[in-house]
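Read the structure below first, then the notes.
The values are calculated or read from the model by the stated rules, or taken from the named source; none is laboratory data. Predicted model, so just to flag it, every value in this text is computed and none were measured. Reconstructed Cβ throughout: ideal geometry from the backbone, glycine too, with neighbour counts over all protein chains shown.
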Amino acid sequence: MKLIYTGSQFPKSSEIAGIGEEEVVMLVDVDRCIRCGTCQLACALEYGEEGKPGAVRNLHVSEEEGKMQIFNLPGACRQCRTPCMYYDLHNFWIRCPDEKVSAKAKEPSCDLCLKRREAGSWPACATRCPMKTIYIGTMADLRIILRDKQFRDYGELFVRGPQDFPAD
Amino acid sequence: MRIQKKQLPVRPFDRVVKTTCPSCGAGCGLKVFVKDGRAVEIYGDEENQLNKGSLCPRGLMALSHLYQEKRLLAPLMRERLSDPFREATWGEALDHVAQKLQKSFQASPESLYIRLSPYAGFGNIALGTVWGKHWGTPHIDSDLNPESSVVSTVMRRMLGIEVNGCAMSARHEWSASQAMLLVGVDPATTDPVAFGAILDAKDRGTRILVLDSRNTTTMRKAHLSLKCRAGTEQAVLLAMANVLFGENLVCEDFLKQWVVGMEDFQSLCREYSPEMAENLSGIRRENIVEAARDLGKKFPSMVIGHSRSGGQETGAGLIFAMIALTAITGTIGCPGGGVNLLNNFPPIEIKSESSKEIRNSENRLVGAKNGSAAWRAIAEGRPCPIRGIIWDTDPLTFCPEGRKVAEALRKMELIVYLGHYPNAAYHQAHVVFPLTTFLESEGLVFSGTGRNIQWANRTIPARGRTRPAEDFWGGLMARLNFSSPYPFIREKGEVSIREMTRYFLQRSPLLAGITPELLDPEKSPAGGIQWPASADEIDFPNHRAAVRGREGLFRPGSQIPGTGKRFPTPTGKIDLSPAKISAQPGFHNLIKIPPSGNGFKTNQLILLTGEIVDSLPAAGFWAIPQQFQISLFAQIHPKKARELGVQNGDRILLENKRGKMEAPVWVTDQVEENIVFCPSGADPFDPKFPSATPRGLFEFVPEDDGCGRKIMGSTLVKVRKAS
């Protein structure tokens with residue numbers, strides 16, 4: 001399974017309906033994910049002090065003590081500036097039932113590591129993923145990667161963006 | 001602007017130092033970014049051909065270990081365990097240990113037990129072994145001691161070399177394989193970066209077959225999952241050989257030319273029909289046949305196991321079956337073929353100049369790292385009494401019979417602990433020496449998930465009064481006058497690590513051409529050198545090549561250096577005769593576990609354990625941030641969870657007569673109904689995940705528990721919801 005994330009926090013996300021060639025998107029090749037948790041750690045290290053991990057920005061880790069996740073994916077909701085706890089353990093993408101604002105609302109949301117992108121690098125989670133699961137780029141770049149994967153065992157493709165969420 | 005995958009930080013830094021991660025066998029190259037003498041960031045090295053920039057959480061957390069608040073920074077000593085520790089200098093503490101040894105242990109040097117782990121560096125193993133031989137104790141427990149391993153014995157009988165990594169394909173050749181059979185290993189959890197090579201091969205069309213008793217992450221990525229009952233892997237492999245013979249899928253040319261003992265092996269296989277294996281293991285017959293056809297029809301096919309598989313009760317039989325399977329398909333010596341035992345050790349020979357005769361050496365405590373002979377000797381005083389211990393990093397996470405051993409340790413006359421953290425072993429010690437982590441000292445690194453030898457550089461100055469373990473052994477040798485034959489030990493006991501490494505490498509015939517300078521990722525291409533590399537062949541045609549060293553052993557037309565044969569057994573061929581191996585422990589002990597639920601009381605489960613990736617428990621403490629909550633857990637089956645009335649996150653209590661432990665539940669179908677899985681490496685003094693180690697619930701040696709089951713690496717526990 002391959003997931004393509006688009007989001008309102010991503011740059012140049014004006015036209016969502018048909019993903020524009022120039023739009024920055026995130027591609028996640030779930031077939032390669034081994035839930036090692038490096039993406040979460042990468043995020044925590046990026047925004048913590050040296051050697052002292054900080055809070056995770058972009059990733060929903062389980063809220064309750066001891067809960068385990070099926071996948072560790074950069075599966076944050078990027079629809080608004082208030083990341084919430086509506087995270088389904090079994091369907092790893094986000095549902096936003098009534099747009100409640102949680103206690104975490106004050107924390108900064110994922111901006112795909114703006115600092116790193118300004119320096120010309122991929123965001124921390126995509127750079128650090130040891131299994132080459134996460135790709136970031138314009139849709140034009142990612143088409144090349146998808147075509148490359150198509151020669152092999154090509155899984156299902158899902159596009160996840162604001163259009164996937166039911167309008168009340 | 002176009003953005004790229006660059007292993008670079010955005011934080012400011014002064015300089016970058018390239019080094020190598022020694023935390024597991026994957027051997028990842030590291031770039032450490034230093035500012036004002038402090039390491040501020042750590043990234044993978046794209047130029048290292050083994051990881052190509054990837055880094056798993058274990059390597060990523062190296063900085064957390066470095067700057068952890070609880071790290072030991074000064075030597076500590078006390079007379080009795082009831083006294084508080086007082087700080088000391090290295091000189092004082094070493095004098096104290098030397099005097100105590102001379103006073104109390106001179107008369108019976110063999111009552112001292114030395115346990116050396118690779119996590120404190122190669123120098124720790126090498127100098128600890130040498131010191132132990134001068135001192136006169138036979139009880140030296142280290143991974144580089146081939147006499148202590150079942151795997152080496154089987155390898156020597158069958159292939160003629162006792163090095164457990166000898167039939168390994170180089171990592172970059174794994175993608176040449178057409179079918180991979182992984183037996184009882186979970187590299188996706190233990191060595192993720194090496195598992196990347198397997199997934200890359202899968203992307204190129206390689207069939208991935210996984211045989212394991214647990215539904216592991218690796219198994220989820222497989223084309224064909226063979227989930228068997230614990231301990232029946234050997235029977236499944238022999239049944240596959242049976243199918244290969246029956247359908248004539250064996251490589252006859254190879255068998256005629258290079259194999260002896262064929263008839264004996266074939267008659268052994270006849271006992272293991274697919275039907276019999278199905279009854280024993282629970283894997284459907286069609287799946288066994290399909291897996292066998294994959295191995296037989298695709299060429300080359302490889303088998304991946306673990307170099308510690310020999311420690312299981314069926315160890316000898318399992319290693320034998322793996323080698324036999326690759327021999328009859330004719331893939332030994334092919335790129336992308338052979339038996340690949342992960343985390344193997346290179347053929348480095350640690351010879352001491354000691355002429356001392358070691359008393360009591362017939363009572364040598366054999367057994368690999370997790371072996372129980374030494375623990376029994378500590379707890380019960382048989383077969384030989386142990387009065388003093390020198391050990392390092394996290395010995396007690398491997399300790400079976402938790403209660404009994406803890407009591408015995410209180411009666412020891414001297415315990416010296418070398419390590420990083422105040423863990424359980426620290427609290428039992430009389431003298432504590434703080435060690436540097438791998439970022440603060442240099443040394444040789446074995447990357448045993450390939451056949452590479454690499455070098456770790458010193459990236460920053462050592463914190464506090466920490467020093468490498470070499471200085472402990474060197475100081476002790478100087479004080480007891482053992483140091484004169486060794487030019488690398490200075491007058492006061494300081495050790496030149498580069499000189500020491502050169503000294504030991506030159507004395508190992510298969511590694512004689514390697515020097516620290518050739519390995520240093522700062523000066524030479526990153527990725528190190530693949531052994532064997534004897535002195536006359538080290539001059540590679542292209543010195544800047546990504547892969548340096550020999551591609552593989554046992555290649556057609558090649559010879560093992562110093563023997564003149566392709567397979568240096570007495571006959572010059574692979575010996576498949578089971579009679580030669582069957583005397584080894586556990587060859588015939590197939591474990592017959594009844595199907596799930598049958599014969600088990602509702603609250604009694606089989607406890608299994610193993611290492612997981614998301615920390616560096618080997619260094620003593622978990623470094624992972626607590627918010628991730630994935631480090632310590634007990635996996636149980638949903639059906640069992642319903643019976644016990646627990647949900648994800650509830651705590652359960654595991655208990656038997658040897659000890660008890662508590663852990664949060666992870667309800668998952670990764671395990672069968674009669675199994676509970678807890679990762680090892682827990683420590684009761686860990687600041688984040690305090691827990692008794694699951695190994696404390698295990699017994700010393702496999703004993704019949706009254707239910708007709710003999711299991712090592714597992715034990716029976718009572719499980720209930722913690723109140």
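Give the residue that is modelled with the lowest pLDDT, with candidates limited to residues of region B:323-365 that are buried (at least 20 other Cβ atoms within 10 Å of the Cβ), in a loop (DSSP other than H, G, I, E, B) and of a type in the set (A, V, I, L, M, F, W, C).
Here the answer is B:Leu365.
How many residues are surrounded by fewer than 21 Cβ atoms within 10 Å (Cβ to Cβ), within 14 Å of chain A (Cβ to nearest Cβ) and part of a loop (DSSP other than H, G, I, E, B) if we restrict to region B:658-688?
Summing the residues that are surrounded by fewer than 21 Cβ atoms within 10 Å (Cβ to Cβ), within 14 Å of chain A (Cβ to nearest Cβ) and part of a loop (DSSP other than H, G, I, E, B) in region B:658-688 gives 5.
Listed here are the residues, each with its yes/no results for (1) over 22 Å from the mean Cα position of the chain (by Cα); (2) at pLDDT below 90; (3) surrounded by fewer than 21 Cβ atoms within 10 Å (Cβ to Cβ).
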{"residue": "B:Arg382", "(1), (2), (3)": "yes, yes, yes"}
{"residue": "B:Pro385", "(1), (2), (3)": "yes, yes, yes"}
{"residue": "B:Trp391", "(1), (2), (3)": "no, no, no"}
{"residue": "B:Leu414", "(1), (2), (3)": "yes, no, yes"}
{"residue": "B:Tyr421", "(1), (2), (3)": "no, yes, no"}
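Kindly state which helices (runs of 4 or more DSSP H) lie completely within region B:159-221 and contain at least 2 residues that are in contact (Cβ under 8 Å) with a residue 60 or more places away in the chain and either of a type in the set (A, V, I, L, M, F, W, C) or away from every other protein chain (no Cβ under 14 Å) (or both).
The qualifying helices (runs of 4 or more DSSP H) are B:192-203.
Being within 23 Å of the chain's Cα centre (by Cα) and modelled with pLDDT of 80 or more is true for just one of B:Ala663, B:Ala692, B:Ala641. Which residue is that?
B:Ala692
Considering only residues that are of a type in the set (Gly, Ala, Ser) and assigned to a loop (DSSP other than H, G, I, E, B), look in region B:532-561 and name the one that is modelled with the lowest pLDDT.
Out of the qualifying residues, it is B:Ala545.
Contact list please: Cβ distance under 9 Å, first residue in region A:24-41 and away from chain B (no Cβ under 11 Å) and over 18 Å from B:Lys5 (Cα atoms), second residue in a strand (DSSP E or B) and modelled with pLDDT of 75 or more, pairs at least six apart or on different chains.
none
Using the structure shown, decide if B:Gly564 is in a loop (DSSP other than H, G, I, E, B), loosely packed, with under 13 Cβ neighbours inside 10 Å and at pLDDT 80 or above.
Criteria met by B:Gly564.
Please work out which residue is farthest from B:Ala201 (Cα to Cα), limiting yourself to region A:119-156 and to residues that are at the interface with chain B (Cβ under 10 Å from one of its Cβ atoms), part of a helix (DSSP H, G or I) and modelled with pLDDT of 85 or more.
That would be A:Ala124.
Being touching a helix residue (DSSP H, G or I) at 6+ places or on another chain (Cβ under 7 Å) and among the polar types (S, T, N, Q) is the requirement here; does B:Ser111 meet it?
Against the criterion (touching a helix residue (DSSP H, G or I) at 6+ places or on another chain (Cβ under 7 Å) and among the polar types (S, T, N, Q)), B:Ser111 does not qualify.
Cβ-Cβ under 6 Å, sequence separation 6+ or interchain: first residue in region B:511-525 and assigned by TED's automatic domain parsing to the domain that holds B:Arg458, partner among the hydroxyl-bearing types (Ser, Thr, Tyr) and crowded, with 21+ Cβ neighbours inside 10 Å. Which pairs?
From residues that are assigned by TED's automatic domain parsing to the domain that holds B:Arg458, the pairs are B:Pro516/B:Thr501.
Select from region B:20-70 the residues that are within 26 Å of B:Asn164 (Cβ to Cβ) and of a type in the set (Val, Ile, Thr) and list them in ascending order.
B:Thr20
Which residues, counting only those in region B:635-657, are part of a strand (DSSP E or B) and of a type outside the set (Lys, Arg)?
Across region B:635-657, the qualifying residues are B:Gln635, B:Ile636, B:Ile652, B:Leu653, B:Leu654, B:Glu655, B:Asn656.
Might you check whether a residue that is over 22 Å from B:Ile581 (Cα atoms), surrounded by 23 or more Cβ atoms within 10 Å (Cβ to Cβ) and away from chain A (no Cβ under 14 Å) occurs anywhere in region B:262-278?
Looking through region B:262-278, none of the residues is over 22 Å from B:Ile581 (Cα atoms), surrounded by 23 or more Cβ atoms within 10 Å (Cβ to Cβ) and away from chain A (no Cβ under 14 Å).
Is there any pair linking a residue in region B:652-671 that is outside the structural domain of B:Pro690 (by TED's automatic domain parsing) and more than 20 Å from B:Ala230 (Cβ to Cβ) to one that is crowded, with 23+ Cβ neighbours inside 10 Å and at pLDDT 85 or above, with Cβ under 6 Å and at least six apart or on different chains, and which?
Pairs found: none.
In contact with a helix residue (DSSP H, G or I) (Cβ under 7 Å, 6 or more places away or on another chain), farther than 30 Å from B:Asp36 by Cα and either surrounded by 22 or more Cβ atoms within 10 Å (Cβ to Cβ) or not polar (S, T, N, Q) (or both): is that true of B:Glu407 in this structure?
No: the conditions fail for B:Glu407.
Can you confirm whether B:Glu92 is touching a residue at least 40 places away in the same chain (Cβ under 8 Å), farther than 27 Å from B:Val445 by Cα and out of contact with any strand residue (DSSP E or B) (no Cβ under 7 Å at 6 or more places or on another chain)?
No; evaluated as a whole, the condition is false for this residue.
Could you list all residues from region B:35-49 that are more than 9 Å from chain A (Cβ to nearest Cβ) and within 20 Å of A:Ala42 (Cβ to Cβ)?
B:Asp45, B:Glu46, B:Asn48
If you scan region B:58-91, which residues turn out to be surrounded by 14 or more Cβ atoms within 10 Å (Cβ to Cβ), not in a loop (DSSP other than H, G, I, E, B) and not aromatic (Phe, Trp, Tyr)?
Of everything in region B:58-91, those that are surrounded by 14 or more Cβ atoms within 10 Å (Cβ to Cβ), not in a loop (DSSP other than H, G, I, E, B) and not aromatic (Phe, Trp, Tyr) turn out to be B:Arg58, B:Gly59, B:Leu60, B:Ala62, B:Leu63, B:Ser64, B:His65, B:Leu66, B:Leu76, B:Met77.
Taking region B:696-720 on its own, how many of its residues are surrounded by 15 or more Cβ atoms within 10 Å (Cβ to Cβ), in contact with a helix residue (DSSP H, G or I) (Cβ under 8 Å, 6 or more places away or on another chain), modelled with pLDDT of 80 or more and not β-branched (Val, Ile, Thr)?
So the answer is 2.
As an exercise: evaluate B:Ala170 against (1) closer than 26 Å to B:Glu413 by Cα; (2) surrounded by fewer than 24 Cβ atoms within 10 Å (Cβ to Cβ) and give the number of the one condition it does not meet.
(1)
Could you list, in sequence order, the residues of region B:252-275 that are touching a residue at least 40 places away in the same chain (Cβ under 8 Å), of a type outside the set (D, E, K, R) and touching a helix residue (DSSP H, G or I) at 6+ places or on another chain (Cβ under 7 Å)?
Scanning region B:252-275 gives B:Leu255, B:Val259, B:Met262, B:Phe265, B:Leu268.
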